[in-house]
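Notes follow the structure.
Please treat every number below as a calculation from the coordinates, not as lab data. All of these numbers come straight from a predicted model, not from anything done at the bench. No Cβ is skipped: glycine too gets one built from the backbone with ideal geometry, and neighbour counts run over all protein chains shown.
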Amino acid sequence: MNKYITIVFLLLVSMSYAQKKYAADKYFEKLAYVKSAKLYEEVYNKGNISALVISRLADSYYYNMDTEKSEYWYSKLFEEHKDKEISLEHYFRYSQSLRSNGKYKESDRWLLKLNELKVKDCRAESLSGNQDYLVKYSPSQAKYINIKSIDINTKYSDYGAFIMNDEIIFSSTRPKGDINKNTLYKWNKQPFLNVYKTSLNRNEESTKTEYFDTEKVESINTIYHEASAIVSKDGKYMYFTRDNYDGKKLKSDKKRVSHLKLYRAEKLNRANSHY
């Protein structure tokens with residue numbers, strides 16, 4: 001009897017393991033990299049050290065700019081499968097992860113391996129002809145710049161600032177109100193990007209800049225991504241990127257990938273800031 005119980009238990013464990021691997025693959029294919037990373041790591045810890053699992057685990061972190069973890073898992077990929085054929089893109093991504101972590105010489109070494117593989121790759125060829133780029137492009141005298149976080153920053157993605165007179169326009173995934181898990185972007189489990197603006201007040205006496213009234217630019221934001229906004233010199237037009245969304249439907253190509261489009265909004269009334 002115990003023998004049959006053991007067999008049934010092993011079958012259940014095997015099925016559970018296979019389902020987890022299947023789910024990880026599906027999340028990865030749908031670009032849900034936060035979930036795929038978690039599941040692939042569990043699959044790896046259960047003993048599956050295949051090149052597919054490790055490379056997709058590394059890629060999941062790479063695509064979300066977690067370069068320390070992507071470096072770790074790419075190193076595992078080359079460690080565990082050094083005698084097997086590994087995608088050329090993984091050489092490049094490993095090199096990029098190392099570079100992002102400040103390991104420039106090691107990064108160059110991995111990028112140059114593309115030449116050793118007799119592969120014609122413009123990225124490696126460019127480096128081959130300019131291996132002293134760090135000396136060439138670094139200033140001869142060290143310069144120190146004071147960088148600090150400002151009050152309007154959040155724990156979410158805030159980037160792409162554009163200054164127009166006394167206003168800053170920027171992109172952010174910060175939520176407004178409660179987060180609805182059903183509307184989070186599956187790629188990074190954060191809300192979709194929106195364009196925000198904030199007024200700034202430069203206090204010349206204290207040399208301090210104050211920020212206030214951070215708000216969405218409601219007239220251009222949708223339920224999908226809007227980001228990287230800039231404004232024309234006369235303030236009449238705002239240019240920004242948006243998912244290919246027409247207000248009713250998110251459009252995609254044959255591979256079900258929605259591409260960014262460049263949009264232009266026109267200010268209807270110069271007396272106010274609405275587009």
- Task: Between GLU29 and GLU89, with labels modelled 7 Å along Cα→Cβ, what's the label distance in nm to one decimal, could you check?
- Result: 1.6
- When a footprinting reagent is the concern and you count Cβ atoms within 10 Å, what order do ARG256, ARG109 take, fewest first? ARG256, ARG109
- Item | Gyration tensor (alpha-carbon) shape descriptor, the stretch 21-78, a/c threshold 1.5 | oblate
- Ascending count of other beta-carbon atoms within 10 Å, so fewest first, for VAL34, VAL231, VAL257: VAL257, VAL34, VAL231
